Amino acid sequence: EQTLWSPEVSTLQDWVFEKSNLHLMQPPEQLLMLYKIYCNEGGDEPADEFFGTAQTMLNDFNEVDEQLADAKNFFFNLEQLQSLNVYEPGGELSEYSIHYKKFWKLFSRLYFSFREHCIKVNKGYAGMLYRDVAERISELQLNVSKIYLVGFSRLSKCEEEIFSYLMSSGLSEIIWDSDTYYEDNDTQEAGVFFRNYKKKWRIDNELCKSNLI
């Protein structure tokens, strides 16, 4: 019944990228930088053979940061676990086994070296930007009276950290497109994330509740 301003609407990803101190590095630049670092660390595969592996590596790096993993412990444990695949008690390692162990040791070094180079040029992959914002969320100048978090289900650890701060500060309200059939029945796996988040953040919002069955 009156003139009003529409709210600013943004995807969470765009919002995070805007708040990060880093700029998003495009995939081709990520691959080229990682290959350069790979060569500097002693890698000997030609670029066309390495790029397939590099894409998998970048996906793993992204996941490590989005889940706020302790990278040193993660890569140490991963290297130890993978070493079991070529464990040969009482005998010398084959050439394949030596190459295999070398790869997993290199994998860890590439993660830390790649992050270091990204920070030097003030850029990063998506997981780095998410981690940057999640670790600095309490320092950000948000300059808003209310933020509505709409339509989410399973969250990464970075997203959980961001949401937790926004909820605890009283700045945010969550609105889910969910159904009581899944939320209120502990045997329904599809509702496990909704139930956990509602308990964690003590959410009691009528806008989240619907019965469509």
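Any residue at all in segment 64-86 that's touching a residue at least 12 places away in the same chain (Cβ under 8 Å), closer than 30 Å to M167 by Cα, open to solvent by 60 Å² or more (accessible area, probe 1.4 Å) and not small (G, A, S)?
yes
Here are the criteria: (1) surrounded by 14 or more Cβ atoms within 10 Å (Cβ to Cβ); (2) more than 22 Å from the chain's Cα centre (by Cα); (3) polar (S, T, N, Q). Tell me which single one Q141 does not satisfy.
(1)
Please work out which residue is modelled with the lowest pLDDT, limiting yourself to segment 165-213 and to residues that are hydroxyl-bearing (S, T, Y) and open to solvent by less than 30 Å² (accessible area, probe 1.4 Å).
S178
Any idea how many residues of segment 95-149 are of a type in the set (F, W, Y) and touching a Pro at 6+ places or on another chain (Cβ under 9 Å)?
2
With respect to F17, is the statement that it is surrounded by 12 or more Cβ atoms within 10 Å (Cβ to Cβ), touching a strand residue (DSSP E or B) at 6+ places or on another chain (Cβ under 7 Å), at pLDDT 95 or above and not aliphatic (A, V, I, L, M) true?
yes
Between residues in segment 11-35 that are charged (D, E, K, R) and residues that are open to solvent by less than 70 Å² (accessible area, probe 1.4 Å), which pairs lie under 8 Å by C-beta distance while being six or more apart or on different chains?
The qualifying pairs are E18/S10; K19/V133; K19/L140; E29/K123.
Among the residues of segment 41-59, write down those that are touching a residue at least 40 places away in the same chain (Cβ under 8 Å) and closer than 20 Å to P27 by Cα.
M57, L58
On the basis of being touching a strand residue (DSSP E or B) at 6+ places or on another chain (Cβ under 9 Å) and closer than 27 Å to L31 by Cβ, does R115 make the cut?
Yes.
For the list (1) modelled with pLDDT under 95; (2) open to solvent by 60 Å² or more (accessible area, probe 1.4 Å); (3) part of a helix (DSSP H, G or I); (4) among the aliphatic types (A, V, I, L, M), I need the number of the one condition that L4 fails.
Tallying (1) modelled with pLDDT under 95; (2) open to solvent by 60 Å² or more (accessible area, probe 1.4 Å); (3) part of a helix (DSSP H, G or I); (4) among the aliphatic types (A, V, I, L, M), L4 fails exactly one: (3).
Restricting to segment 169-179, and then to whatever is in contact (Cβ under 8 Å) with a residue 24 or more places away in the chain and not charged (D, E, K, R), can you tell me which residue is farthest from F193 (Cα to Cα)?
That would be L171.
Please find, among E1, E41, E49, the residue that is out of contact with any Leu (no Cβ under 8 Å at 6 or more places or on another chain) and within 30 Å of K101 (Cα to Cα).
E49
Can we say S83 is modelled with pLDDT under 95, touching an Asp or Glu at 6+ places or on another chain (Cβ under 7 Å) and in a helix (DSSP H, G or I)?
The answer is no for S83.
Filter segment 20-43 down to the residues that are open to solvent by 80 Å² or more (accessible area, probe 1.4 Å), more than 13 Å from H117 (Cβ to Cβ) and outside any loop (DSSP other than H, G, I, E, B) and list them by number.
Once the filter is applied, which keeps residues that are open to solvent by 80 Å² or more (accessible area, probe 1.4 Å), more than 13 Å from H117 (Cβ to Cβ) and outside any loop (DSSP other than H, G, I, E, B), segment 20-43 yields H23, P28.
Of all residues in segment 52-63, count the ones that are surrounded by fewer than 15 Cβ atoms within 10 Å (Cβ to Cβ) and more than 19 Å from the chain's Cα centre (by Cα).
Of the residues in segment 52-63, 1 are surrounded by fewer than 15 Cβ atoms within 10 Å (Cβ to Cβ) and more than 19 Å from the chain's Cα centre (by Cα).
The values are calculated or read from the model by the stated rules, or taken from the named source; none is laboratory data. Computed from a predicted structure; not experimentally measured. Please note: Cβ atoms are built from the backbone with ideal geometry, for glycine as well, and neighbour counts cover all protein chains shown. Only protein heavy atoms, including side chains, enter the accessible area calculation; ligands, DNA and RNA are left aside. Shrake-Rupley method; radii C 1.70, N 1.55, O 1.52, S 1.80 Å.
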